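Working notes, structure below.
Readers should treat all values here as calculations from the given coordinates under stated rules, not as data from a laboratory. Keep in mind the model is a prediction, meaning the values are calculated, not measured. FYI the Cβ positions are ideal-geometry reconstructions off the backbone, even for glycines, and counts take in every protein chain you see.
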C-alpha cells in the first residue's frame, strides 16, 4: 500500500485560556478527521485486494474456493472497520463541537468580565475626580474673601474675584467659579476676561443654586446634571455648589452661593480614551459614561453626547454583561462611590461588536 497520512500541527497557544480549549478542540477534530480518512483509505485498499482475490479464486475453480471464503471475510471485516471509523468521526465531531461551544462561552465570559472591570475602572476614576469637586466647593465657600463678598461692595467684589482667579490658576480643571447673592445674581467670578457676560447673570432658577441655598450646613453641597452652559460659551460643565455662610461658620446663615463649573469634556475624554482596550477591541468598541437616566455624558466616538439614551437593563444589578439581539455585547458598572461621595448612579459602559472570526459562530 502506498501513501502517507499527515497529522495536523499541534496548537500554538500554550496558556490556560478558553481560547486554548477551542484550539485543542479544533486540533482534536483535525486529528480525528485525518485518522478517519487514513482508516477509510486503508479499508478501501483492503476491499480492493479482497475483490482481486475473489476474482483470482473464481479463476482457480474448485482449488480457489477456500481462498474465496477468506476474501469475503476480509471484505466484511474491512467494511465493518470503515463503518466504525465513520461512526467514530461523527461522534467525535459532535462532542468536539460541544467542546468548542463551551470554550467560546468561557471566552465570552472571561472577555465580558474584563469589559465589566474596565467599566468599573472608568467610573471609579470619575467618582474620585468628582469627590474632589465636592471637597473643593465646600472648602472655597469658607474662604475669607468669598465670605466677605456676602456684603457685595466694589471692594469685596474685587477681592473675591482676585481670590477666585488665584484659585482658577491653580485648579485648571474648572472653567469658572461664581459667587451668587441669595436672590440668585452672580456678582463675582474668576474669569471676567474670558466670560464677560457672567456678572449680573440670574441663576435663581438653577437647581444647583436653589439646593445649595436651602442646604442645612456647610457639610452639604448641591450638584447639577452635566450640561452645556451657554454663559461659558456652550462648554459642558458639571456644576457643584455650596452655601456661603455668615462668618464661614458650619451652620451660619446662608449669605450667598458658590458655584464651581468643572470643565467636563477634556476630563471625561481623558478617562474614556484611557480605557485599556487592544487596538482590535478599540476599533469595534464604544466606550461611554452615562448618567442615572442612561443619557450619554461622554462617548469614545463622540456621538450622542447629552442627547442619546442607553438602556442598561440593570434589573437590580450593580454591574453586568448582556448580549444584545444584534450580536453586540454590552458591559456596564454603576458607580461604587468614593469616600463620602456616594456617586450619582452614573455608569461606565462598553458596547462591543463581535470579532470578525466570532460573527458566524454559534455559542
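Evaluate the following for residue 287: is it buried (at least 19 other Cβ atoms within 10 Å of the Cβ) and closer than 12 Å to residue 347 by Cβ? Considered against the rule, which asks whether it is buried (at least 19 other Cβ atoms within 10 Å of the Cβ) and closer than 12 Å to residue 347 by Cβ, residue 287 comes out as yes.
Sub-7 Å Cβ pairs linking a first residue in the range 231-245 that is in contact (Cβ under 8 Å) with a residue 40 or more places away in the chain and at positive phi to a second residue that is outside any loop (DSSP other than H, G, I, E, B) and surrounded by fewer than 24 Cβ atoms within 10 Å (Cβ to Cβ), at least 6 apart or interchain, number zero. Annotation: residue 326 fulfils all but one of (1) more than 16 Å from the chain's Cα centre (by Cα); (2) closer than 30 Å to residue 139 by Cα; the unmet one is (2). Flag not set for residue 289, criterion: in contact (Cβ under 8 Å) with a residue 40 or more places away in the chain, under 15 Å from residue 127 (Cα atoms) and out of contact with any helix residue (DSSP H, G or I) (no Cβ under 7 Å at 6 or more places or on another chain).
Of the helices (runs of 4 or more DSSP H) lying entirely inside the range 110-222, the ones with 3 or more residues being under 30 Å from residue 274 (Cα atoms) are found at 154-170.
Tell me, please, whether a residue that is surrounded by fewer than 13 Cβ atoms within 10 Å (Cβ to Cβ) and either closer than 21 Å to residue 118 by Cβ or in contact with a strand residue (DSSP E or B) (Cβ under 7 Å, 6 or more places away or on another chain) (or both) can be found in the range 328-342. No. For the range 179-191, the criterion of being out of contact with any strand residue (DSSP E or B) (no Cβ under 7 Å at 6 or more places or on another chain) and more than 16 Å from residue 152 (Cβ to Cβ) is satisfied by no residue at all.
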